[in-house]
1. Going by the conditions given, is Arg60 modelled with pLDDT of 95 or more, over 26 Å from the mean Cα position of the chain (by Cα) and either among the small types (Gly, Ala, Ser) or open to solvent by 40 Å² or more (accessible area, probe 1.4 Å) (or both)?
2. Determine, yes or no, whether Asp91 is over 19 Å from the mean Cα position of the chain (by Cα) and at pLDDT 90 or above.
3. Only one of these conditions is not met by Glu28: (1) part of a helix (DSSP H, G or I); (2) at pLDDT below 95. Which number is it?
4. Could you go through region 115-126 and let me know if any residue there is in contact with a helix residue (DSSP H, G or I) (Cβ under 6 Å, 6 or more places away or on another chain), outside any loop (DSSP other than H, G, I, E, B) and open to solvent by 40 Å² or more (accessible area, probe 1.4 Å).
5. Among (1) open to solvent by less than 40 Å² (accessible area, probe 1.4 Å); (2) at pLDDT 90 or above; (3) in a helix (DSSP H, G or I); (4) not basic (Lys, Arg), where does Ala104 come up short?
6. Kindly indicate the residue of region 127-159 that is in contact with a strand residue (DSSP E or B) (Cβ under 7 Å, 6 or more places away or on another chain) and among the charged types (D, E, K, R) and also most open to solvent (accessible area, probe 1.4 Å) among those meeting that condition.
7. Any idea which of Ala21, Ala41 is without any contact (Cβ under 8 Å) to a residue 60 or more places away in the chain, open to solvent by less than 80 Å² (accessible area, probe 1.4 Å) and part of a helix (DSSP H, G or I)?
Amino acid sequence: MSEDAVLETTLETPLSERVEAILLVVDEPIALVALAAAVHAPVPAVRQTLETLVDDYDGRGTGPRRGFELREVGGGWRLYVREDHDDLVADFIGGQAPARLSQAALETLAVIAYKQPVTRGQVASIRAVNVDSVVRTLLARGLITELFADSETGAINYGTTDQLLQHLGINSIDELPPISPLLDDGADGFDEGVTR
């Protein structure tokens with residue numbers, strides 16, 4: 001199907017459905033103008049649709065109040081679980097089997113934890129592999145955060161989050177075990193009697 005045909009089919013779909021589809025996949029609030037561009041509709045029409053959806057989700061329309069709500073936060077719009085259901089959702093999420101980190105993610109996380117603040121390039125140099133996707137995964141899981149950008153290079157420095165401390169059951173990074181006893185000193189494989 002051509003791009004024009006896809007757009008034509010999209011425009012035949014009711015605006016409220018298009019707006020809901022985008023709102024379901026955004027992971028941070030989306031600005032009104034960006035939402036209008038995404039659904040190929042004028043800003044005033046999208047604004048009206050958002051107001052109608054808010055009323056509908058709050059039970060002021062024809063249907064019942066929903067377990068989620070549409071809020072404008074930080075200059076953008078996003079769907080959120082209603083505050084009434086926070087405990088229910090937290091229990092559900094807490095009861096799920098936690099997703100395991102790959103060996104590469106664990107190694108990258110260890111480097112960041114022990115060397116923070118540290119740039120992606122420094123982590124890549126220590127691990128001797130590209131760590132871009134692993135850093136994105138750790139950021140997405142909330143285990144690391146961007147601390148600041150280097151004033152000279154613009155490189156972002158990363159550090160660990162309180163969420164990581166909670167997962168590890170510690171109060172501070174200072175409580176991590178010393179790493180030096182865990183590292184190989186490089187002496188293995190050398191004979192003591194060998195001279196230069």
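The values are calculated or read from the model by the stated rules, or taken from the named source; none is laboratory data. Keep in mind the model is a prediction, meaning the values are calculated, not measured. In this analysis, Cβ positions are derived from the backbone assuming ideal geometry, glycine residues included, and neighbour counts consider all displayed protein chains. Surface accessibility is based on the protein's heavy atoms, side chains included, excluding ligands, DNA and RNA. Shrake-Rupley method; radii C 1.70, N 1.55, O 1.52, S 1.80 Å.
1. Spelling it out, it is not the case that Arg60 is modelled with pLDDT of 95 or more, over 26 Å from the mean Cα position of the chain (by Cα) and either among the small types (Gly, Ala, Ser) or open to solvent by 40 Å² or more (accessible area, probe 1.4 Å) (or both).
2. No, not satisfied.
3. Every condition holds for Glu28 apart from (1).
4. yes
5. (2)
6. The residue in question is Glu146.
7. Ala21 is the lone residue from the list that is without any contact (Cβ under 8 Å) to a residue 60 or more places away in the chain, open to solvent by less than 80 Å² (accessible area, probe 1.4 Å) and part of a helix (DSSP H, G or I).
For (1) without any contact (Cβ under 8 Å) to a residue 12 or more places away in the chain; (2) assigned to a helix (DSSP H, G or I), each residue gets a yes or a no:
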site	(1), (2)
Ala90	yes, yes
Ala113	no, yes
Val129	no, no
Val134	no, yes
Thr137	no, yes
Ser151	yes, no
